[in-house]
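Visitor: Structure in structure tokens, see below.
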Amino acid sequence: MLGLKGFYFELNGFEHKVLLNFTEVYDENGDYHHLCEELHGQGIYSVSGAIEDKKLSPIYSAFENIFSEKEIEKCSKWLVNIIDSREEEEYDLNFISERYSDFLSIISDHFSIEIDSTKYKDVFIEKLKVLHKLNLTLNSEFLDSEKQSKREILKSIVFSAEANYRENLIIYIIWLLIGNLDEIMKN
């Protein structure tokens, strides 16, 4: 764009402008051209950051796909054992498991690394099952209790039905994903 239209500004008497940190780049992949077309003349804080974000967009999309509104709702109800009688008693973790596998596959392709997706998927699912079992235990001990003091304990437990379980589940899943990514990248 600069090469076609130039760079114009005016100075009045005794005014000055200092322009620093110019970098000449060769757009061998067309990344800068595509970014220019997307921006339609708008400015951005970091050109290199925007290009990197564009390259990482498949990873961002795969990450977001794990968090389908409907599935997060069903998963959170299953984890804290609030199951509608019309719904199946045992939640099928295949959906979230498949989305997680897709995410790992995109990570593997993007960074050109080998990932044992079965291993990480199994660990991910196992941690969700452990949380489910924990809630079964908590509910049997505290939820059915006649004593209000025991029910109050559940409110202090982050993943109980008495707490803000849906948002906490999303945070927990993100924590699991980041923990697995950390281990993947270290290997």
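The values are calculated or read from the model by the stated rules, or taken from the named source; none is laboratory data. As the structure is a computational prediction, the values presented were derived from the model and not from experiment. Cβ placement follows ideal geometry from the backbone for every residue including glycine, while neighbour counts extend to all protein chains displayed.
Visitor: Kindly indicate whether any position in segment 164-175 is farther than 30 Å from Ile107 by Cα and at pLDDT below 85.
Guide: Checked against the condition, which is being farther than 30 Å from Ile107 by Cα and at pLDDT below 85, segment 164-175 yields at least one hit.
Visitor: Then there's this: Checking the condition at pLDDT 85 or above, within 22 Å of the chain's Cα centre (by Cα) and hydrophobic (A, V, I, L, M, F, W, C), which residue from Leu56, Leu79 passes? Steps first, answer last, please.
Guide: Numbers: Leu79 fails: at pLDDT 85 or above.
So the residue among Leu56, Leu79 that is at pLDDT 85 or above, within 22 Å of the chain's Cα centre (by Cα) and hydrophobic (A, V, I, L, M, F, W, C) is Leu56.
Visitor: Can you tell me which residue within segment 126-141, out of those that are polar (S, T, N, Q) and surrounded by 12 or more Cβ atoms within 10 Å (Cβ to Cβ), is nearest to Ile174 (Cα to Cα)?
Guide: Here is the first cut: in segment 126-141, the ones polar (S, T, N, Q) are 135, 137, 139-140.
Narrowing the set further to residues that are surrounded by 12 or more Cβ atoms within 10 Å (Cβ to Cβ) leaves 135, 139.
Numbers: Asn135: 19, Asn139: 25 Å.
Top of the filtered list is Asn135.
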